[in-house]
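Visitor: Can you read through this structure? Questions will come right after.
The values are calculated or read from the model by the stated rules, or taken from the named source; none is laboratory data. Source: prediction; values computed, not measured. Neighbour counts are summed over all protein chains in view; Cβ atoms, including those assigned to glycine, are modelled from backbone coordinates with ideal geometry. With ligands, DNA and RNA removed, areas are computed over all heavy atoms of the protein, side chains included. Shrake-Rupley method; radii C 1.70, N 1.55, O 1.52, S 1.80 Å.
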Amino acid sequence: MDITHIPSDSHEQVIRVADDATGLVGFIAIHSTQMGPAAGGLRMRPYASEDAALNDVLRLSHGMTFKNAAAGLPLGGGKAVIIGDPALQKSDALLCSFAKAINALKGRYWTAEDMGMSPADMAVIAAETEFVAGLPEGEFASGDPSPITARGIFNALRCTARHRFGTAELTGKSVALQGLGHVGWYLAEMLHEAGAALIVADINPDACSKAQAAFGAEVVHVDQILAVEADILAPCAIGGILNGQTIPALKVKAVAGGANNQLASPADGEALHKLGILYAPDYVANAGGIINVATEILRISDRAGFVAEKLAAAEATMDAILSSAKARNIAPHRIADEIVLQKMQASAAA
Ligand code: NAD
């Protein structure tokens, strides 16, 4: 296994990890350890090129610094990616080789599951390094983060409704939900229970049929979900969906969902603000997942208490962001970034 250091002006440390014997090529990016050890998941995708993988790990690790700081976790931002199709190219030998690189960082970076990874894969990695969370079993194992992620999104969505409509009551409100995967399904359950009418889309037709049967959801084509008329859009699938093409077609009054990096660019957050579409910053809304993983990294005994406290704090942060956005007439994603930078400056000064 070879480690090559890649110079970076924006990140504390970036390494390329390669191993001819297992076909491994990947990157680990530590954006910041100012607030604590860098934490963020390991993603495996068939990236088109090494540059594409490197760009992704740099962007995602930067995002983790903001997400962890906004959630008040004593963790910095990091992320790891492996190039390859997880269904075809993932092997225990490849994961063990990558785990040795994680171990060589001596705890400056903690990994966990992300796209293309499972709790079983984290158990394989744990054979080579202690700096791994999201394990399926063990004293502090935190299990599937999706229900807690969805709970946090539900709280954020209610908070957004209160700011946009004057009430957090969801009975009679319609929610367009993009993606019925781990997070989207749990969120759909909560929204249905709260009385919201659901309009759903997923590339998996079975998930749509199930939602129709379970929640009376209206199913629309994946190409239509971003243009349906609804009170709130909840993106729970892929990133970059709020962009120059989709925003002019939106017929919602607010956006609150769990997908990472919903805004294709900061300018898209400004565009939403100008249109009066209230945007709940994604990394504040979807922090439940990392809050859950943090209980494992930080060896928290009272897991339920920690999660409840941090989820309540995330909701209070969302409330403060949306209040400030209205009072100052500034787009919420700008306020969220501002709050994080203030927290980081305060910690640097302390
Ligand atoms: P998942 O893979 O379980 O679910 C994603 C769902 O979206 C799948 O059902 C998939 O078929 C569907 N989908 C993919 N492309 C689509 C499209 N173009 N239109 C409609 N549906 C589409 O993933 P997940 O764990 O539910 O995560 C969903 C999002 O939330 C991701 O952006 C993820 O990064 C983010 N997130 C997840 C967690 C977590 O705890 N799982 C935490 C934080 C953020």
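Visitor: Any residue at all in the range 308-315 that is within 16 Å of the ligand (Cβ to nearest atom) and in a strand (DSSP E or B)?
Guide: Scanning the range 308-315 turns up no residue that is within 16 Å of the ligand (Cβ to nearest atom) and in a strand (DSSP E or B).
Visitor: Filtering the range 1-20 down to residues that are in contact (Cβ under 8 Å) with a residue 40 or more places away in the chain and hydrophobic (A, V, I, L, M, F, W, C), which residue is most open to solvent (accessible area, probe 1.4 Å)?
Guide: Restricting to residues being in contact (Cβ under 8 Å) with a residue 40 or more places away in the chain and hydrophobic (A, V, I, L, M, F, W, C), the top hit is MET1.
Visitor: Still on this model: Considering each residue of the range 102-139, count those that are at pLDDT 95 or above and charged (D, E, K, R), and give that number.
Guide: Here the count works out to 5.
Visitor: So for the range 182-204 (the condition being of a type in the set (Asp, Glu) and either surrounded by fewer than 20 Cβ atoms within 10 Å (Cβ to Cβ) or in contact with a Lys or Arg (Cβ under 8 Å, 6 or more places away or on another chain) (or both)), does at least one residue qualify?
Guide: yes
Visitor: Here's another thing I want to ask about it. So which residues in the range 57-69 are crowded, with 20+ Cβ neighbours inside 10 Å and over 16 Å from SER347 (Cα atoms)?
Guide: We begin by selecting, within the range 57-69, every residue crowded, with 20+ Cβ neighbours inside 10 Å; these are 57-58, 60-61, 64-69.
Those that are crowded, with 20+ Cβ neighbours inside 10 Å and over 16 Å from SER347 (Cα atoms): VAL57, LEU58, LEU60, SER61, MET64.
Visitor: Of all residues in the range 278-304, which are away from the ligand (no atom under 13 Å from the Cβ) and of a type in the set (Asp, Glu)?
Guide: GLU296, ASP302, listed by residue number.
Visitor: Can you tell me which condition LEU298 does not meet? The list is (1) open to solvent by less than 30 Å² (accessible area, probe 1.4 Å); (2) within 20 Å of PHE66 (Cα to Cα); (3) aliphatic (A, V, I, L, M), and all the others hold.
Guide: Tallying (1) open to solvent by less than 30 Å² (accessible area, probe 1.4 Å); (2) within 20 Å of PHE66 (Cα to Cα); (3) aliphatic (A, V, I, L, M), LEU298 fails exactly one: (1).
Visitor: For the structure I just gave you, tell me whether ALA207 is open to solvent by less than 30 Å² (accessible area, probe 1.4 Å), more than 20 Å from the chain's Cα centre (by Cα) and within 12 Å of the ligand (Cβ to nearest atom).
Guide: Judged against the criteria, ALA207 is a match.
Visitor: A follow-up question, please. Out of the range 301-341, which residues are within 19 Å of ALA38 (Cα to Cα) and open to solvent by 50 Å² or more (accessible area, probe 1.4 Å)?
Guide: ASP337, LEU341 - these are the residues of the range 301-341 that are within 19 Å of ALA38 (Cα to Cα) and open to solvent by 50 Å² or more (accessible area, probe 1.4 Å).
Visitor: Can you tell me which residues in the range 256-277 are within 16 Å of the ligand (Cβ to nearest atom) and of a type in the set (A, V, I, L, M)?
Guide: Within the range 256-277, ALA256, ALA259, LEU263, ALA264 meet the criteria.
Visitor: Counting only residues that are among the polar types (S, T, N, Q) and either under 14 Å from LEU226 (Cβ atoms) or open to solvent by less than 10 Å² (accessible area, probe 1.4 Å) (or both), how many does the range 252-285 have? I'd like the intermediate steps shown before the answer.
Guide: Taking the range 252-285 and keeping what is among the polar types (S, T, N, Q), we get 260-262, 265.
Applying the additional criterion that residues be either under 14 Å from LEU226 (Cβ atoms) or open to solvent by less than 10 Å² (accessible area, probe 1.4 Å) (or both) yields 262.
Counting residues in the range 252-285 that are among the polar types (S, T, N, Q) and either under 14 Å from LEU226 (Cβ atoms) or open to solvent by less than 10 Å² (accessible area, probe 1.4 Å) (or both) gives 1.
Visitor: Also: Answer yes or no as to whether ALA80 is part of a strand (DSSP E or B) and either within 22 Å of SER142 (Cβ to Cβ) or modelled with pLDDT under 95 (or both).
Guide: So ALA80 fits the description; yes.
Visitor: Only residues that are closer than 21 Å to GLU189 by Cα and in a loop (DSSP other than H, G, I, E, B): list them for the range 227-251, please.
Guide: VAL228, ALA230, ASP231, CYS236, ALA237, ILE238 - these are the residues of the range 227-251 that are closer than 21 Å to GLU189 by Cα and in a loop (DSSP other than H, G, I, E, B).
Visitor: Please tell me if LEU180 is under 15 Å from ALA234 (Cα atoms), under 20 Å from the mean Cα position of the chain (by Cα) and within 16 Å of the ligand (Cβ to nearest atom).
Guide: Here the answer is yes, as LEU180 does meet what is asked.
Visitor: Checking LEU170 against (1) buried (at least 23 other Cβ atoms within 10 Å of the Cβ); (2) within 14 Å of the ligand (Cβ to nearest atom); (3) more than 22 Å from the chain's Cα centre (by Cα), which single condition isn't satisfied?
Guide: The failed condition is (2).
Visitor: Then there's this: Please go through the range 227-249 and give me each residue that is free of Cβ contacts under 8 Å to residues at least 60 places away in the same chain, more than 9 Å from the ligand (Cβ to nearest atom) and open to solvent by 20 Å² or more (accessible area, probe 1.4 Å), ordered by number.
Guide: Result: ALA227, VAL228, GLU229, GLY240, ASN243, GLY244, GLN245, THR246, PRO248, ALA249.
Visitor: Of everything in the range 95-149, what is crowded, with 21+ Cβ neighbours inside 10 Å, of a type in the set (Gly, Ala, Ser) and within 16 Å of the ligand (Cβ to nearest atom)? Give them in sequence order.
Guide: ALA112, ALA133, GLY134, SER142
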